[in-house]
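Enquirer: Following this message is one structure expressed as C-alpha cells.
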C-alpha cells in the first residue's frame, strides 16, 4: 500500500527543515584561500561533523572571526593543540588568519566545507557592475547575471570540488 501524497509532502518539508538546520551555502569573498577558493566561489557547508568529531588538520572550515564574531572566515585547519586550533589561509600574503589573531577555540568552528559547487568565472569573463549582464552576455537582459562586490558574474557550467583538498601550491 502506497502512502498518501500528503505523507510525502510532510516528509519533504521535514527533510528540508532538517537540511536547513545542518546545511548552508556561503560565498567566498576575498583572496585569502586562493588559488583553492576565489571570490565568488559558492560553498556547501555542514555543521553535523563537528558535533560528532573534532576538526582535522587539512579541513577547510567556516569559523567565527575572533576580532568580529558576527563575521565568519573560511580557512584551513593547520594545527590542533587540545582545544586551540590554528587557522591558515592558503594565500599567506592575502590572509588574515591565526598568524595575525592567534589560535581560535574549537567552539569557534561550527561549519565544515563539504564542496565547492560553483566556481567563479575567470576575471576575463567578468563584467563591471555598470553593465547590464544576463544569460546572453553584456547589454542583453536575462536572469543569470548576479551582482557581487567583484562585479557581475555570469552563469556557466559549475565545477565541483569535494573537500578536504590539499592546498594548491602557489
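Enquirer: Residues in segment 12-35 that are surrounded by 11 or more Cβ atoms within 10 Å (Cβ to Cβ) and either modelled with pLDDT of 75 or more or within 26 Å of residue 98 (Cα to Cα) (or both): how many?
Expert: Summing the residues that are surrounded by 11 or more Cβ atoms within 10 Å (Cβ to Cβ) and either modelled with pLDDT of 75 or more or within 26 Å of residue 98 (Cα to Cα) (or both) in segment 12-35 gives 13.
Enquirer: If we scan segment 39-53, do we find a residue that is assigned to a loop (DSSP other than H, G, I, E, B), out of contact with any strand residue (DSSP E or B) (no Cβ under 7 Å at 6 or more places or on another chain) and closer than 14 Å to residue 116 by Cβ? Before you say what the answer is, go through the steps one by one.
Expert: Our first condition is that a residue be assigned to a loop (DSSP other than H, G, I, E, B); within segment 39-53, this holds for 39-41, 47-48, 53.
When the remaining residues are screened for being out of contact with any strand residue (DSSP E or B) (no Cβ under 7 Å at 6 or more places or on another chain), the result is 39, 48, 53.
The next check asks that each one be closer than 14 Å to residue 116 by Cβ; those that pass are 39.
Yes: segment 39-53 contains one or more residues that are assigned to a loop (DSSP other than H, G, I, E, B), out of contact with any strand residue (DSSP E or B) (no Cβ under 7 Å at 6 or more places or on another chain) and closer than 14 Å to residue 116 by Cβ.
Enquirer: Quick check on segment 4-24. Is at least one of its residues in contact (Cβ under 8 Å) with a residue 24 or more places away in the chain and within 12 Å of residue 109 (Cβ to Cβ)?
Expert: No: segment 4-24 contains no residue that is in contact (Cβ under 8 Å) with a residue 24 or more places away in the chain and within 12 Å of residue 109 (Cβ to Cβ).
The values are calculated or read from the model by the stated rules, or taken from the named source; none is laboratory data. Note that the structure is a prediction, hence the values are computed from the model and not measured. With ideal geometry, Cβ positions are generated from the backbone for all residues, glycine too; neighbour counts draw on all protein chains shown.
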